[in-house]
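K.L.:
The structure is given below, and queries will be raised subsequently.
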2 protein chains.
Amino acid sequence: KKTINSIYGTRVAVLAGDFLFAQSSWFLANLDNLEVIKLISQVIADFANGEISQASSLFDTDVTLEQYSDKSFYKTASLIAASCRSAAVFSGVSSDMKEAMYAYGKHLGLAFQIVDDILDFTQSAEQLGKPQGQDLASGNLTAPIIYALRNPLVKEELLDILSSEFVEEGSLERALHLVQLGGGLDAARALAQQEGETALAALACLSESPAKRSLQQMVEYVLHRIY
Amino acid sequence: KKTINSIYGTRVAVLAGDFLFAQSSWFLANLDNLEVIKLISQVIADFANGEISQASSLFDTDVTLEQYSDKSFYKTASLIAASCRSAAVFSGVSSDMKEAMYAYGKHLGLAFQIVDDILDFTQSAEQLGKPQGQDLASGNLTAPIIYALRNPLVKEELLDILSSEFVEEGSLERALHLVQLGGGLDAARALAQQEGETALAALACLSESPAKRSLQQMVEYVLHRIY
């Protein structure tokens, strides 16, 4: 999969991003709903904060699960949560139901991000469309490695490899293996499952309907990728 | 003058831009005025269009004064015009007066951009904080060169130099000299002056006040830089 960046260079890629940003701002403003405009503008702020926080914590082995979860919220879940809440705003439902739709989107988004981070460890380069373990190689420490670092059997060796930032031949493959061995993938899968269940629970306030069934299937679809 | 790009690299510069964009979206949404949100979101769209149109017309010697003016509107004047109109919106004035404030900002912005383009030809590298003729060197053809290309005395040599994209030693300096010789700078100054006068004329609907005087002085301040 080629990126605009790799085909046309950074300058055109940045302009293309600005163009999309501008189009989005325009369509957003023309929804004519201040509550929704505020929701989505918060997403844009969250997204920028998430990218900056991710860039400034590369190879930080002290990263906690809570910090990982915050970053995942900023870069992925905030958009889905605000979008779900926005749909509720346009439907004119009660504020409890708006909160529930926000919670659904948030936990669906967190599940999605955890699944995506697991796939970085388990899928082949061909399936991913990018090198296996690329997130890890660039120092972005996600759920599987955070969990593995809690396991005394693999912790020391993982820390050694991370502190060398994978300069040694084969060290990335070794780290991927240690994460598996240390139970990092199993623990991350359980976390994704738990987020998915929290998302489903938020749908309790909706009466049965094809729309509700679609929202439930979305959770199943997201989790399905790791099994 | 150092740029974020030169100190921290492209990645951080793009993130910093996203951060500022996000902050602006947030503050804009919290002005709680849909009319103003739409005005400014149009600016963002105009700005992206202007950058893309500039990037795609480099070294295009067929560029007309009208295309130049459109680009200047997109990349500079649109923001000033929409900001002036937004202030009028918050003041709750008539729609005629909102139009007049938009026209003031638009022509002030065009004057500012023409002046800026003239300075690229006339100021030293030290005054500009970037190399003299940098716009021209990168193929961005602005008012002074568009006017000079209309003068048969310098046209052919200028076209030759532009078609070679300044590979030849000293050709940029020669082009700067030919633009001066061909009357390009004088004609561009007259255009800036004319835009400034159009901006001032738009203020006729305001009664005399210190605020009106400040708006008039802003035009004088912008034009002052080329004399």
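K.L.:
Send over the semi-axes of the stretch B:2-42's equivalent ellipsoid, whole angstrom and largest first, taken as the square roots of 5 times the C-alpha gyration tensor eigenvalues.
P.N.:
On the way: eigenvalues 163, 15, 9 Å².
In descending order the semi-axes read 29, 9, 7 Å.
K.L.:
Report, ordered by chain and residue number, the aspartates and glutamates lying within cross-link reach of residue B:130, taken as a straight Cα distance under 20 Å and ignoring same-chain residues fewer than 8 apart.
P.N.:
B:51, B:116, B:117, B:120, B:165, B:169, B:173
K.L.:
Residues with beta-carbon under 14 Å from that of residue A:67, excluding residue A:67: net charge, scoring Lys, Arg +1 and Asp, Glu -1?
P.N.:
On the way: positive: A:71, A:75; negative: A:60, A:62, A:66, A:70, A:117.
Local charge sum for residue A:67: -3.
K.L.:
Among rounded, prolate and oblate, which fits chain B when a ≥ b ≥ c are the square roots of the eigenvalues of its C-alpha gyration tensor, a/c under 1.5 means rounded, and a/b larger than b/c means prolate?
P.N.:
Details: a/c = 2.19, a/b = 1.43, b/c = 1.53.
Judged from the Cα gyration tensor, chain B comes out oblate (a/c at least 1.5, b/c at or above a/b).
K.L.:
Test of understanding: ordering A:126, A:157 by Cβ neighbours within 10 Å, fewest first, what list do you get?
P.N.:
A:126, A:157
K.L.:
Still on this model: Please list B:199-206, A:89-96, B:93-100, A:43-50 highest first by mean number of surrounding beta-carbon atoms within 10 Å per residue.
P.N.:
In decreasing order of mean packing, B:199-206, A:89-96, B:93-100, A:43-50 become A:43-50, B:199-206, B:93-100, A:89-96.
K.L.:
How many angstrom lie between the Cα centre of the stretch B:137-171 and the Cα centre of the stretch A:158-207?
P.N.:
Answer, in whole Å: 59.
K.L.:
Now a separate question. For every helix of n ≥ 4 consecutive DSSP H residues, a contribution of -39,500 (n - 2.57) applies; sum these over the protein assembly as shown, divide by its total residues, and give [θ] at 222 nm rounded to the nearest 500 deg cm²/dmol.
P.N.:
Helix-only estimate at 222 nm: -23500 deg cm²/dmol.
K.L.:
Further, regarding this structure: Can you work out the base-10 log of I(q)/I(0) for the stretch B:56-175 at q = 0.12, 0.14, 0.21 1/Å, using the Debye formula on its C-alpha atoms alone?
P.N.:
Taken in order of the listed q values, log10 I(q)/I(0) reads -0.53, -0.67, -1.13.
K.L.:
Could you check which residue among A:34, A:178, A:15 shows the biggest mean-square fluctuation in a GNM of chain A with a 10 Å Cα cutoff?
P.N.:
Most flexible of the set in this elastic network: A:15.
K.L.:
Another question, then. Sum up the charges of everything whose Cβ sits under 15 Å from the Cβ of residue B:168, counting Lys and Arg as +1 and Asp and Glu as -1, but leave residue B:168 out. Write out the running numbers ahead of the final one.
P.N.:
On the way: positive: B:174; negative: B:157, B:160, B:165, B:169, B:173.
Taking every other residue near residue B:168 into account, the sum is -4.
K.L.:
Output the pairs from A:71/B:75; A:71/B:38; B:2/B:75 with a Cα-Cα distance over 24 Å in this structure; if there are none, say none.
P.N.:
Beyond 24 Å: A:71/B:75; A:71/B:38.
K.L.:
What gaps in nm, shortest first, separate residue A:31 from its twins in the other copies when you place the label 7 Å past Cα toward the beta carbon?
P.N.:
Relative to the other copies, residue A:31 has label-point distances of 2.0 nm.
K.L.:
Shortest first, in nm, what separates the label point of residue B:209 from those of the same position in the other copies (7 Å along Cα→Cβ)?
P.N.:
5.1
K.L.:
Same structure, new question: Count the net charge of all other residues whose Cβ sits under 14 Å from the Cβ of residue B:219, scoring Lys and Arg as +1 and Asp and Glu as -1. Don't skip to the end; give the middle numbers.
P.N.:
Values: positive: B:106, B:212, B:213, B:225; negative: B:195, B:197, B:220.
Net charge around residue B:219: +1.
K.L.:
For residue B:155, which inter-copy label distances result when the label point lies 7 Å beyond Cα on the Cα-to-Cβ vector, reported in nm to one decimal and in ascending order?
P.N.:
8.0
K.L.:
If you count, for every residue in B:12-20, the Cβ atoms of partner chains within 10 Å of its Cβ, what is the mean?
P.N.:
5
K.L.:
Using only Cα atoms, find the angle between the long axis of helix A:10-29 and the longest principal axis of chain A, and express it within 0 to 90 degrees, rounded to the nearest 10.
P.N.:
Roughly 30 degrees, rounded to the nearest 10.
K.L.:
Assuming a ≥ b ≥ c are the square roots of the Cα gyration tensor eigenvalues, decide whether the stretch B:109-227 counts as rounded (a/c under 1.5), prolate (otherwise, with a/b larger than b/c) or oblate.
P.N.:
Working: a/c = 3.48, a/b = 2.19, b/c = 1.59.
Prolate is the answer for the stretch B:109-227, as a/c is 1.5 or above and a/b outweighs b/c.
K.L.:
Specify which residue in the list A:141, A:183, A:125 is farthest towards the positive end of the charge dipole of the stretch A:115-185, using unit charges on the beta carbon of Lys, Arg (+1) and Asp, Glu (-1), about the Cα centre.
P.N.:
So the residue we want is A:183.
K.L.:
Please give the average number of partner chain Cβ atoms lying within 10 Å of the Cβ of each residue in A:37-50, rounded to a whole number.
P.N.:
Shielding by partners across A:37-50 averages 5.
K.L.:
Using Cα springs under 10 Å in a Gaussian network model of chain A, which residue among A:146, A:52, A:80 shows the largest mean-square fluctuation?
P.N.:
In this elastic network of chain A, the residue with the biggest mean-square fluctuation among A:146, A:52, A:80 is A:52.
K.L.:
Ignore the peptide's own chain and count Cβ atoms of other chains within 10 Å of each Cβ in A:51-60; give me the average, rounded.
P.N.:
Going residue by residue through A:51-60 and averaging, the value is 2.
K.L.:
Taking square-rooted eigenvalues a ≥ b ≥ c of the alpha carbon gyration tensor, is the stretch A:1-124 rounded, prolate or oblate, where a/c under 1.5 means rounded and, failing that, a/b exceeding b/c means prolate?
P.N.:
Because a/c hits 1.5 or more and a/b fails to exceed b/c, the stretch A:1-124 counts as oblate.
K.L.:
Any idea how far apart residue B:216 and residue A:212 come out in nm if each label point goes 7 Å out from Cα toward Cβ?
P.N.:
Here the answer is 6.9 nm between the modelled labels.
Every number in this text was worked out from the coordinates using simple rules, so none of it is lab data. Values in this document were obtained by computation on a predicted structure and should not be read as measured data. When we count neighbours, we look across all protein chains shown, and the Cβ atoms used for this are built from the backbone with ideal geometry, even at glycine.
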